[in-house]
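A short write-up of the structure that comes next.
The values are calculated or read from the model by the stated rules, or taken from the named source; none is laboratory data. Given the structure is predicted, the values throughout are model-derived calculations rather than measurements. Here the Cβ positions follow ideal geometry from the backbone for every residue, glycine too, while neighbour counts run over all protein chains shown. With ligands, DNA and RNA removed, areas are computed over all heavy atoms of the protein, side chains included. Shrake-Rupley method; radii C 1.70, N 1.55, O 1.52, S 1.80 Å.
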Amino acid sequence: MSPATGGRSEDDPAGVRGKASIVGVADAVSPTGKLDLHGRELEVSVVREALGDAGLTLADVDGVCCATGMMASVELAEYLGIRPRWTDSTMTGGSSFEIHVEHAACAIAAGQADTVLIVYAATPRSRGQDMAQMASAMSGGGQMPMVEWDIPYGFGIPAASYSLAATRHMAEFGTTPEQLAAISVSTRAWASKNPQARFQDPISVDDVLASPYVAEPLHKLECCLVTDGAGAVIVSRTDRARHLAKPPVAVLGVGTAHTHGMSISQMPDLCTTAAAVSGPRAFAMAGLAPEDVDVLETYDSFTITVLLALEDLGFCKKGDGGAFVAEGALGPGGSLPTNTNGGGLSYTHPGMYGIFPLVEATRQLRGEVGNGRQVGGANVAVAHGCGGVLSATSTVVLGREEVL
Amino acid sequence: MARFEPKASPLTEPFWDATRDKKLLVQWCPDCDAGVYWPRVHCPRCLGGDLGWKEASGRGSVYSFSVMHVAGNPMMADRVPYVIGLVDLDEGVRIATNIVGCEPAAVRVAMAVAVTWETMSDGRNLPLFEPA
């Protein structure tokens, strides 16, 4: 079933599989949750580091992706002082960067670009919260449907929408608070091995359940952090990547889907996300299955975000997510090492976490993660993003050259 | 603090006007004979633009809910804990709302609920739901 590099198949009609590879990555985070650099200065610092990681220069970049700004990628390129021949300002919230990789891989396979730069930086912890933005959106009145139909009822913070999914999952499948809490515990166990993580002290299920409720059934320790952070990813032609500084990490499969926007009332089924579409598509293109995955880096805005992704991506059956995570499957030594950087729950979450799963998956597949965090013999990884309120997902299957 | 009071648009004015008489309207597509929520200029099923309004029974069931211990927006700060919910109306649409009229701990998925109203500063009423 596994198609050869550059081959075409029903699941990959344009022959995208393996044509592009991640060749450079960088992240900037701090255990304090705060960074000294902001805005463009922070973006440039991670661009410089990612290019150095790849052994490339700015002159090699002919494609740019960015999700923040009015003409996001255009403004970024102007500031960097480059004139790309390919651009992508796709903004789908937290999954934007997985989509950027998808688009970059397709562009590279089509010969439209050779080397694409993906950048994200945000410093909400140092530079104030988005409550002010939310208030200003409300004063606009009636522009976004959620302002007219959801905000009057006290919706607004993301936890409101995600908690509804958690309640529904518990009612339909008998998922328990202890099972959801186990996700926070496993993720923190990984964070304890990451000196850059915001929170590194191990926690127990009891600790999670003793933390105050934000939106029942979600406790504070089931909600992502608000930290400063930045990341950059460089995608290039696999045939050239072999001569670069680090072993290439091939983009084997990609898939994207969305079910609704910012109104959770519009989500057709609170227990099934768009990952049920994006995941199988990405696996089909890769010619791989969930059981082939050695490391999963998945969006963890909340514990329920992870639980739904595990089911929708096919790591367990729909409804079995609670039992799957309860015995530590996601943690160090577990059957599916997940969010090995400590995730959005314990490592960093500047608002759109999706660049960081790509960075960590790449490092795991290169085998360069230290401090007892490296998953031995990792050949296949999945980076999965989820943006909005369980709205827009994108799945990227990555592999070492041996898997091609 | 008063909760956020939504502004009506020309499209949604019939809905908000009807709330002055405590009537719950649902936008209705005559071709599909099905409801549309929230209001749009078209029916998401058939793309038809011939949408009207139908008075709903005000009855439904709780699809999901959450007790908010942190305010979802600043204007709800003095109301915590309060219950947000998604209610499936008998007319077949799902709406975001608050569940009131009982202890938060008494709310259950699939519980039968009926509309109740909270008066806003301009005389319109916001539809909320309570145990039926």
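By a 1.4 Å probe calculation restricted to protein chains, B:Val26 has an accessible surface near 10 Å², given to the nearest 10. Pairs of alpha carbons in segment A:151-310 separated by more than 29 Å make up 31% of all such pairs. Look at the Cα gyration tensor of segment A:66-118: its axes a ≥ b ≥ c give a/c of at least 1.5 with a/b at or below b/c, and that counts as oblate.
With Cα atoms as the point set, the radius of gyration and Dmax of the protein assembly as shown evaluate to 23.5, 73 Å.
Given a 1.4 Å probe and the protein chains as shown, A:Tyr299 ends up with an accessible area of around 10 Å². Taking packing as the residue-averaged number of other Cβ atoms within 10 angstrom, the listed peptides A:316-324, A:187-195, A:43-51 run from highest to lowest as A:187-195, A:43-51, A:316-324. Using the Cα coordinates of segment B:13-131, the gyration tensor eigenvalues translate into equivalent-ellipsoid semi-axes of 26, 16, 13 Å, sorted from longest to shortest. Per residue, the protein assembly as shown exposes 37 Å² of accessible surface when a 1.4 Å probe is rolled over the protein heavy atoms with every protein chain present. Tell me which GluC sites (Glu not before Pro) from segment A:348-404 have a DSSP coil assignment and no more than 14 other beta carbons within 10 Å of their own. Those that pass, being in a loop and sparsely packed, are A:Glu368. Taking a straight Cα-Cα cut-off under 29 Å and skipping sequence neighbours fewer than 8 places away in the same chain, the lysines within cross-link reach of A:Lys317 are A:Lys220. Near B:Leu25, the amide H atoms lying under 5 Å from its own belong to B:Ala56; only residues 5 or more places off or on other chains count, and H is placed 1.01 Å from N. Entry note, chain A: the mean residue ellipticity at 222 nm calculated from DSSP H runs of n ≥ 4, each adding -39500 (n - 2.57), is -10000 deg cm²/dmol after division by the residues and rounding to the nearest 500.
Peptide B:2-15 has a mean of 4 when you count, residue by residue, the C-beta atoms of other protein chains within 10 Å of its C-beta. Interface between chains B and A: roughly 3100 Å² of accessible area buried, both sides summed (probe 1.4 Å, protein heavy atoms only).
When the alpha carbon coordinates of segment A:258-366 are projected onto the principal axes, the ranges are 40, 32, 30 Å, largest first.
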